[in-house]
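Visitor: Structure in structure tokens, see below.
All of the numbers you see were taken from the coordinates with simple rules; none came from a lab. Note that the structure is a prediction, hence the values are computed from the model and not measured. So basically every Cβ, Gly included, is an ideal-geometry build from the backbone, and we count neighbours across all protein chains shown.
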Amino acid sequence: MEHTVKAAVLAAGKGTRLRTEGIDLPKVLRQAAGRPLLGYVLEELSFLEAQDVVLVVGYEREKVIAAFPQYSHAVQEPQKGTGHAVQCARAALGDFEGDILVCYGDMPLMRRATYESLIHTHRQEGNDCTLLSAVSDEQLPYGRIIRDGEGRFTHIVEDKDCTPEEKKIRELNVGVYVFRAAALWEAIDQLKPNNAQGEYYLTDAPAYILSKGGKVNACPTCTPQEMLGVNTVEQLEQVERIVQARQA
């Protein structure tokens with residue numbers, strides 16, 4: 001049977017730390033090199049039909065919907081974490097039984113080839129969940145990939161929940177995944193907000209799938225540059241410089 005892919009793009013954030021300039025826009029509509037962050041993401045997802053991409057919107061969602069009216073959307077209100085965001089997309093994705101790509105609207109440097117390599121690895125290995133990882137020496141606020149003594153993936157620990165030893169781990173979870181739909185929804189249904197933020201973490205889903213005998217692996221094709229997200233004015237400026245260098 002031929003597999004198909006749909007995508008849930010998480011785009012509900014307010015971007016509080018970006019609001020120091022008095023600009024009243026949701027984070028994904030902030031611009032780098034004259035273009036919304038979300039615009040870059042959707043361009044790199046253009047190997048999918050617009051009808052197969054769901055935007056999970058929240059803060060000032062009317063502006064996001066108006067900017068990208070060709071895409072369907074789901075509303076996350078209130079915002080209770082990444083797992084909750086994906087849960088909010090469930091109705092919009094309907095009874096789809098293929099593979100679901102989960103990515104972020106504030107990661108404009110991710111390339112099409114990286115998304116496609118993730119999907120290819122997922123299918124080639126027959127995984128229930130495949131996640132992107134990247135190795136970086138920078139102190140970035142990303143979850144750490146935890147592996148056992150034989151190098152096999154076991155789980156992810158969010159940066160804010162890391163012990164000092166876990167903070168030293170350099171393999172980082174990018175936050176982009178492909179799930180087999182049935183495995184994703186089973187995992188989403190069991191998520192609990194047992195963490196420092198009291199949120200539903202999508203990062204708990206791979207470990208659950210693994211605990212139920214599912215197959216989970218990481219695809220290490222993401223570069224440290226691609227994994228950069230935008231949460232601060234400084235990060236926005238950094239991303240803009242990279243975009244301009246690419247265009248040049």
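Visitor: Ranked by Cβ crowding within 10 angstrom, fewest neighbours first, how are Tyr115, Tyr208 ordered?
Guide: Sorted ascending by nearby Cβ count, the order is Tyr208, Tyr115.
Visitor: Sticking with this one: Where does each of 71-81, 223-233 land if you order them by average Cβ count within 10 Å, highest first?
Guide: In decreasing order of mean packing, 71-81, 223-233 become 223-233, 71-81.
Visitor: Taking other Cβ within 10 Å of each residue's Cβ, how do Lys167, Lys63 sort, fewest first? Please report the intermediate quantities before stating the final value.
Guide: Working: Lys167 11, Lys63 16.
Lowest count first: Lys167, Lys63.
Visitor: Of the beta bridges DSSP finds with both residues in the range 5-236, what % are antiparallel, to the nearest 5?
Guide: In the range 5-236, DSSP labels about 45 percent of beta bridges as antiparallel.
Visitor: Looking at the range 116-248, send over the antiparallel percent of its DSSP beta bridges, to the nearest 5.
Guide: In the range 116-248, approximately 75 percent of DSSP beta bridges are antiparallel ones.
Visitor: Right, next: Provide the packing ranking of 175-184, 32-41, 137-146, i.e. peptides ordered by the mean count of other C-beta atoms within 10 Å per residue, highest first.
Guide: Descending packing order for the listed peptides: 175-184, 32-41, 137-146.
Visitor: What distance in nm separates the simple spin-label points at Lys63 and Thr232, each placed 7 Å from Cα in the Cβ direction?
Guide: The answer from the label model is 2.2 nm.
Visitor: Under a point spin-label approximation (7 Å from Cα along Cα-to-Cβ), what is the Lys167-Asp148 distance to one decimal in nm?
Guide: 2.9
Visitor: Still on this structure, please answer the following. Tell me the mean residue ellipticity at 222 nm calculated for the chain from its helices only (DSSP H runs of n ≥ 4, each -39500 (n - 2.57), averaged over every residue, nearest 500).
Guide: Numbers: 9 runs with 77 residues, N = 248.
Helices in the chain give a 222 nm mean residue ellipticity of -8500 deg cm²/dmol.
Visitor: Taking neighbour counts of Cβ atoms within 10 Å as a proxy for exposure, in what order, fewest first, do Asp106, Asp159 appear? Before the final figure, lay out each step's value.
Guide: Values: Asp106 25, Asp159 15.
Starting with the residue having the fewest Cβ neighbours, the order is Asp159, Asp106.
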